[in-house]
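The values are calculated or read from the model by the stated rules, or taken from the named source; none is laboratory data. Small disclaimer: the values here were computed from a predicted structure and weren't measured. Cβ placement follows ideal geometry from the backbone for every residue including glycine, while neighbour counts extend to all protein chains displayed.
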Amino acid sequence: MSFVAKTAKAEGSLSGVAPLVRRTPVPEFDFVLFGGTGDLAKRKLLPSLLQREAEGVLPSHGRVICIGREPLGTQEFVSQALEPARDPGSDALARFCSRIEYLAIDATDPSSYAGLAMLLRNSEAVRVFYLAVAPQLFAPICAGLASAGIATPESRVVLEKPIGRDLASSCEINDAVGRIFQEEQIYRIDHYLGKETVQNLMVLRFANTLFERPWSAADIDHVQITCAETIGVEGRGSYYDHSGALRDMVQNHLLQLLCLVAMEPPTALDKDSVRDEKLKVLKAMRPIQDEKVRSATVRGQYRAGAIAGVPVPGYLADLGASESNTETFAALRVEIDNWRWSGVPFFLRTGKRLPKRCSEIIVSFKPVRHSIFPASAGLPVANQLVMRLQPDEGISQLTTMKAPGSGRIVLLPASLQLSFRDATNGHVPDAYERLLTDVIRGDATLFMRRDEVEASWRWIEPILDGWENHTPRPLPYAAGTWGPSAAIALIEREGRSWHEDSVPAPASFVENLR
Ligand code: BG6
């Protein structure tokens, strides 16, 4: 049983909050989307721009020029790409469709860019080239844009991950793109940074005195970051099998989350102040290398199993292969060697085909130093701050309360809950909604700088090497479970445990009501 506090909204106090402050208007733009027929464009990029259209945020002049290899007419493209879009009769959808143009380009052939150059000729709108394509195409596309004379000093280029598969290939890509675009023009996207709850993490930390002082090894016992998915590789097998969970999720999303939890307060919110602080964290992370890889990391690969009672195939069957050593699960114990975090372990885990979809950050505080309550009251629970990134975005705080009743004192673990959905009238924006307009506005705060990406590869590489040398085969786990049992042992051998949703209630609570 949990004692759930009402959210501020439910009590009406949010009604006193000032209305959302409007940002500078989105300027006129030409948004050139390479990979226009791809999965990301269909699932995320076009729907996010459409949502911004519906909110009235896009200016009257703004073109979305979608590039693919297939020879399609614009109408044909629009009906394929936006088919699943909501409310087909809406004005917003009609307005948005009228912005779209489709062009077939062979990205590797510089002569193929002439049509795009024609389209962009004489346009003074902000020019964004969004590369939602395989990273091998980043260099040829940038070279093609340059040779067609359309990569102007004012234009911006957005790079989707993965940016390389190790430090060397990441540097190679960054060098190739850097030959055409200046660092200030390059936006390396990590969509986790655009998630509402992730941004709120900074607000929570730096706009609330409550969390300022206890945010260090003096009061925090450990931190957990979990990004769990129920899906498998979903037709992305050829990409995923060359990547694996460490490269696909940890090198970028999980390390970025860790940085936001662990960084020092930036002096300002501008892009470089925030990114400088994140970089310091990446540099302070203790390398996990050689033999240490065995004790501080776990890699797994799912076998057939069941999720919510539905049988699902194993990774090899999903892949259509007879053998693969790619991990679909990774768990790590990380240490940060700096003044604030010395001695506080950070446990990270991510995986496909886990029992439920949930991404969350848990900050576990140390228990009170001394309990004044009699043994019969039970022990105070150690406080936990839980930031749920998805689903059901929100924040909860595990606290100790007195069980209501006129009997003896009984300590009751209780959860104070804040749901973002309740607090924002239901719409929690998708990460891309914000990030795409940030690029057009020229705000790079939520994007990764070259040195950050390279620092995280530098830290990840010894783990990849260690796996190859010491644990070449991932441990099996049944789909629908929380990964190999070694991942449970990774945290439990220190007397800690992975966070579970339910708040434990002492049995004596019911008795106390009598
Ligand atoms: C992507 C990974 O970056 O993030 C995918 O390549 C993963 O494998 C996805 O499924 C998860 O994103 P989200 O927003 O659904 O947690």
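Just to be sure before I move on: is L435 in the same structural domain as A228 (by TED's automatic domain parsing), within 16 Å of the ligand (Cβ to nearest atom) and touching a strand residue (DSSP E or B) at 6+ places or on another chain (Cβ under 7 Å) in the structure I sent? No; evaluated as a whole, the condition is false for this residue.
If I filter region 194-206 for residues that are more than 16 Å from the ligand (Cβ to nearest atom), modelled with pLDDT under 95 and of a type in the set (F, W, Y), do I get at least one hit?
Yes, region 194-206 contains a residue that is more than 16 Å from the ligand (Cβ to nearest atom), modelled with pLDDT under 95 and of a type in the set (F, W, Y).
Every condition in (1) at pLDDT 95 or above; (2) within 23 Å of P162 (Cα to Cα); (3) aromatic (F, W, Y) holds for W215 except the one numbered (2).
For L385, the test of being touching a Lys or Arg at 6+ places or on another chain (Cβ under 6 Å), crowded, with 20+ Cβ neighbours inside 10 Å and assigned to a strand (DSSP E or B) is failed.
Is it the case that Y302 is assigned by TED's automatic domain parsing to the domain that holds G442, surrounded by fewer than 16 Cβ atoms within 10 Å (Cβ to Cβ) and among the aromatic types (F, W, Y)? No: the conditions fail for Y302. Take R357 and decide whether it is within 16 Å of the ligand (Cβ to nearest atom), surrounded by fewer than 16 Cβ atoms within 10 Å (Cβ to Cβ) and not polar (S, T, N, Q). Yes; evaluated as a whole, the condition is true for this residue.
Meeting the requirement of 1 or more residues that are in contact with a Leu (Cβ under 9 Å, 6 or more places away or on another chain) and modelled with pLDDT of 95 or more, the helices (runs of 4 or more DSSP H) wholly within region 399-509 are 431-441, 450-470, 485-492. For region 213-230, give me each residue that is among the β-branched types (V, I, T) and within 12 Å of the ligand (Cβ to nearest atom). T226, T230 - these are the residues of region 213-230 that are among the β-branched types (V, I, T) and within 12 Å of the ligand (Cβ to nearest atom).
Among the residues of region 231-256, those identified as near the ligand (Cβ under 10 Å from one of its atoms) and surrounded by fewer than 22 Cβ atoms within 10 Å (Cβ to Cβ) are I231, V233, E234, R236, Y239, S243. Of the numbered criteria (1) assigned to a helix (DSSP H, G or I); (2) over 19 Å from the mean Cα position of the chain (by Cα); (3) modelled with pLDDT of 90 or more, the one P380 fails is (1). Does V4 fit the bill of being under 20 Å from G442 (Cβ atoms) and at pLDDT below 95? Against the criterion (under 20 Å from G442 (Cβ atoms) and at pLDDT below 95), V4 does not qualify.
Is one or more of the residues making up region 319-340 in the same structural domain as E234 (by TED's automatic domain parsing), assigned to a helix (DSSP H, G or I) and either touching a helix residue (DSSP H, G or I) at 6+ places or on another chain (Cβ under 8 Å) or buried (at least 17 other Cβ atoms within 10 Å of the Cβ) (or both)? Walk me through it before giving the result.
We begin by selecting, within region 319-340, every residue in the same structural domain as E234 (by TED's automatic domain parsing); these are 319-340.
From the residues that got through so far, the ones that are assigned to a helix (DSSP H, G or I) too are 319.
When the remaining residues are screened for being either touching a helix residue (DSSP H, G or I) at 6+ places or on another chain (Cβ under 8 Å) or buried (at least 17 other Cβ atoms within 10 Å of the Cβ) (or both), the result is 319.
Yes, some residue in region 319-340 is in the same structural domain as E234 (by TED's automatic domain parsing), assigned to a helix (DSSP H, G or I) and either touching a helix residue (DSSP H, G or I) at 6+ places or on another chain (Cβ under 8 Å) or buried (at least 17 other Cβ atoms within 10 Å of the Cβ) (or both).
For the residues K352, K283, the requirement of being assigned by TED's automatic domain parsing to the domain that holds F211, buried (at least 23 other Cβ atoms within 10 Å of the Cβ) and at pLDDT 95 or above singles out K352.
One residue is enough: does region 341-353 have a residue meeting the conditions more than 23 Å from the chain's Cα centre (by Cα) and without any contact (Cβ under 8 Å) to a residue 60 or more places away in the chain? No, that holds for no residue.
Of all strands (runs of 3 or more DSSP E) completely enclosed by region 150-261, which ones contain at least 3 residues that are closer than 22 Å to K352 by Cα? It comes to 220-228.
Checking each residue in region 262-275 for being part of a helix (DSSP H, G or I) and modelled with pLDDT of 95 or more picks out only A262.
All told, A403 falls short of being of a type in the set (G, A, S) and surrounded by fewer than 20 Cβ atoms within 10 Å (Cβ to Cβ). In the set (1) of a type outside the set (V, I, T); (2) closer than 30 Å to P153 by Cα; (3) modelled with pLDDT of 95 or more; (4) surrounded by 15 or more Cβ atoms within 10 Å (Cβ to Cβ), the condition left unmet by D175 is number (4).
I want to confirm something. Restricting to region 266-280 and keeping residues that are among the hydrophobic types (A, V, I, L, M, F, W, C) and surrounded by fewer than 18 Cβ atoms within 10 Å (Cβ to Cβ), which single residue is nearest to the chain's Cα centre (by Cα)? My answer is L269. Among the residues of region 364-382, are any within 16 Å of the ligand (Cβ to nearest atom) and either under 22 Å from S497 (Cβ atoms) or surrounded by 15 or more Cβ atoms within 10 Å (Cβ to Cβ) (or both)? Looking through region 364-382, none of the residues is within 16 Å of the ligand (Cβ to nearest atom) and either under 22 Å from S497 (Cβ atoms) or surrounded by 15 or more Cβ atoms within 10 Å (Cβ to Cβ) (or both).
Cβ separations smaller than 7 Å between residues 6+ apart or across chains give the following pairs from region 471-500 residues that are under 21 Å from D241 (Cα atoms) to residues that are in a loop (DSSP other than H, G, I, E, B) and among the acidic types (D, E): P474/E327.
The residues of region 357-377 that are aromatic (F, W, Y) and either outside any strand (DSSP E or B) or closer than 30 Å to G232 by Cβ (or both) amount to a single one, F373. K278 meets each of the listed conditions (1) more than 17 Å from T197 (Cα to Cα); (2) in contact with a Phe, Trp or Tyr (Cβ under 9 Å, 6 or more places away or on another chain) apart from (2).
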